[in-house]
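Asks: Can you keep this structure in mind? I'll have questions shortly.
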Amino acid sequence: MPICISCRHPIPVLYTTYSKADDRALGKGVRLTQCPNCKGFADKYVEHDFVVLFIDLVLIKPEVYRHLLFNRLSQNNGTFDRAIIRLGILLLLFDVYLTWARIEKLPLPPPNHLSTNAAILQAQPLLFQYLFFLGLVALSTLAFHLPIRLLCSTNPDRIPHVFRGVWRRCVPYYAHPTPLSTALLVSSCTKLFPILLIIWDYDLPSSATAVSWAVIVNNIAALEILMDCGYVRAGTLVAVGACVSSAVGWGMVWGAGLGTGWEGYSPVEEVWGWWREMAALV
């Protein structure tokens, strides 16, 4: 059943059609339902276009997430909406390009500090490179979604009594895994921002890091809005998924003989170098 995007009160219908000139995008031919609980419109996004939805998604407005997750993309039969399938494919293909470009610039493992992964990749056929990164991104995405779905779908009553209290405090119970993946995919739209790299030349590693953190923040917000579980538990779920996904990704890159960017990395040296630069400026 649809809900009011402001107070989450169940609503029978979101709008009423009163003429044949039904154009929700222009607000013609429909009358929005008033929520009996908060006395406002139950779902104002019914007559808003995709551009407004995308902007509010980036701004992490809870109302637009409730509109998409409960009123527009929800499926009672446990399957994915076609729009979510198309969005998932788009994010997957675009993430292949972004991951490919980022890993090419990473340094090779020791003792090849003077060259990058591009030296190894260019020796392989282009189709083989694309299939490798497609598999890398696909497996990393699955490794991110599956732990979250598994943890949330585990009934706390099946957990041993000794750990049951800690489990309830850390992991929310949500018996429907499909909306979880839907929320994660919708909140990952921020991954499309690096498409601006085609127009403007940015520092790719820095841009990828910023986008990754933005996606994580959106993922946490989406899970919290969907399950109403609090940001701490939602953040715990995203952290687990991100760790498993990173482990799978790094393992595949390392297994292919490519550098992961962590070889020879020393946090102490990085902090010391940053401190010397700051001292020089002063």
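The values are calculated or read from the model by the stated rules, or taken from the named source; none is laboratory data. Computed from a predicted structure; not experimentally measured. Every residue, glycine among them, receives a Cβ derived from its backbone with ideal geometry; neighbour counts consider all protein chains shown.
Asks: Which of the residues belonging to segment 151-166 are of a type in the set (A, V, I, L, M, F, W, C), free of Cβ contacts under 8 Å to residues at least 12 places away in the same chain and assigned to a helix (DSSP H, G or I)?
Replies: Residues of segment 151-166 of a type in the set (A, V, I, L, M, F, W, C): 151-152, 159, 162-163, 166.
Checking the rest, the ones that are also free of Cβ contacts under 8 Å to residues at least 12 places away in the same chain come to 159, 162-163, 166.
Selection gives VAL162, PHE163, VAL166.
Asks: Still on this structure, please answer the following. Keeping to segment 1-44, report how many residues are of a type in the set (Phe, Trp, Tyr) and modelled with pLDDT of 80 or more.
Replies: Step one: list which residues in segment 1-44 are of a type in the set (Phe, Trp, Tyr), which gives 15, 18, 41.
Okay, now just the ones that are also modelled with pLDDT of 80 or more, so 15, 41.
Qualifying residue count, segment 1-44: 2.
Asks: Which of the residues that make up segment 57-68 are surrounded by 18 or more Cβ atoms within 10 Å (Cβ to Cβ) and at pLDDT 90 or above?
Replies: Answer for segment 57-68, where residues must be surrounded by 18 or more Cβ atoms within 10 Å (Cβ to Cβ) and at pLDDT 90 or above: VAL64, TYR65, ARG66, HIS67, LEU68.
Asks: Additional query: Could you say whether any residue in segment 104-125 is modelled with pLDDT under 90 and more than 29 Å from THR209 (Cβ to Cβ)?
Replies: Checked segment 104-125: at least one residue is modelled with pLDDT under 90 and more than 29 Å from THR209 (Cβ to Cβ).
Asks: Next question, about the same structure. Any residue in segment 129-146 that is under 28 Å from the mean Cα position of the chain (by Cα) and at pLDDT below 90? Before you say what the answer is, go through the steps one by one.
Replies: Of segment 129-146, the ones under 28 Å from the mean Cα position of the chain (by Cα) are 129-146.
Restricting the remaining residues to those that are at pLDDT below 90 gives 129.
Yes, that holds for at least one residue.
Asks: Same structure, new question: Can you say whether ALA83 is surrounded by fewer than 19 Cβ atoms within 10 Å (Cβ to Cβ) and either closer than 19 Å to ALA222 by Cβ or touching a strand residue (DSSP E or B) at 6+ places or on another chain (Cβ under 6 Å) (or both), as far as the supplied structure shows?
Replies: Numbers: surrounded by fewer than 19 Cβ atoms within 10 Å (Cβ to Cβ): yes; either closer than 19 Å to ALA222 by Cβ or touching a strand residue (DSSP E or B) at 6+ places or on another chain (Cβ under 6 Å) (or both): yes.
The answer is yes for ALA83.
Residue-by-condition table, conditions (1) at pLDDT 80 or above; (2) assigned by TED's automatic domain parsing to the domain that holds HIS145; (3) assigned to a helix (DSSP H, G or I):
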residue	(1), (2), (3)
THR182	yes, yes, yes
PHE193	no, yes, yes
LEU196	no, yes, yes
ASP201	no, yes, no
ALA210	no, yes, yes
ALA214	yes, yes, yes
ALA222	yes, yes, yes
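Asks: Which residue is nearest to the chain's Cα centre (by Cα), if the candidates are limited to segment 53-83 and must be acidic (Asp, Glu) and closer than 18 Å to LEU32 by Cβ?
Replies: Of all residues in segment 53-83, those acidic (Asp, Glu) come to 56, 63, 81.
Going one step further and asking which of them are closer than 18 Å to LEU32 by Cβ, we end up with 56, 63.
On the way: ASP56: 15, GLU63: 18 Å.
Looking at the filtered set, the residue picked out is ASP56.
Asks: Could you figure out which of (1) touching a residue at least 24 places away in the same chain (Cβ under 8 Å); (2) surrounded by 15 or more Cβ atoms within 10 Å (Cβ to Cβ); (3) in contact with a Pro (Cβ under 8 Å, 6 or more places away or on another chain) isn't true of ILE148?
Replies: Only one criterion in (1) touching a residue at least 24 places away in the same chain (Cβ under 8 Å); (2) surrounded by 15 or more Cβ atoms within 10 Å (Cβ to Cβ); (3) in contact with a Pro (Cβ under 8 Å, 6 or more places away or on another chain) is unmet by ILE148, namely (3).
Asks: Going by the conditions given, is PHE163 surrounded by fewer than 18 Cβ atoms within 10 Å (Cβ to Cβ), over 30 Å from SER74 (Cβ atoms) and of a type in the set (Phe, Trp, Tyr)? It would help to see each step written out before you state the result.
Replies: Numbers: surrounded by fewer than 18 Cβ atoms within 10 Å (Cβ to Cβ): yes; over 30 Å from SER74 (Cβ atoms): yes; of a type in the set (Phe, Trp, Tyr): yes.
Against the criterion (surrounded by fewer than 18 Cβ atoms within 10 Å (Cβ to Cβ), over 30 Å from SER74 (Cβ atoms) and of a type in the set (Phe, Trp, Tyr)), PHE163 qualifies.
Asks: Go over the candidates VAL268, VAL240 one by one and state the one that is more than 23 Å from PHE70 (Cβ to Cβ), more than 13 Å from the chain's Cα centre (by Cα) and modelled with pLDDT of 85 or more.
Replies: Working: VAL268 fails: modelled with pLDDT of 85 or more.
Just a single option satisfies the conditions, and that option is VAL240.
Asks: Please work out if LEU92 is closer than 30 Å to LEU258 by Cβ, among the aliphatic types (A, V, I, L, M) and surrounded by 14 or more Cβ atoms within 10 Å (Cβ to Cβ). Working first, answer last.
Replies: On the way: closer than 30 Å to LEU258 by Cβ: yes; among the aliphatic types (A, V, I, L, M): yes; surrounded by 14 or more Cβ atoms within 10 Å (Cβ to Cβ): yes.
Yes.
Asks: If I go through segment 69-80 residue by residue, how many of them are surrounded by 15 or more Cβ atoms within 10 Å (Cβ to Cβ) and either assigned to a helix (DSSP H, G or I) or of a type in the set (Gly, Ala, Ser) (or both)?
Replies: If we filter segment 69-80 for residues that are surrounded by 15 or more Cβ atoms within 10 Å (Cβ to Cβ), which is where we start, we get 69-74, 80.
If we keep only those that are either assigned to a helix (DSSP H, G or I) or of a type in the set (Gly, Ala, Ser) (or both) as well, we get 69-72, 74.
Result for segment 69-80: 5.
Asks: Please work out if ARG72 is within 21 Å of LEU237 (Cβ to Cβ) and charged (D, E, K, R). Steps first, answer last, please.
Replies: Values: within 21 Å of LEU237 (Cβ to Cβ): no; charged (D, E, K, R): yes.
The answer is no for ARG72.
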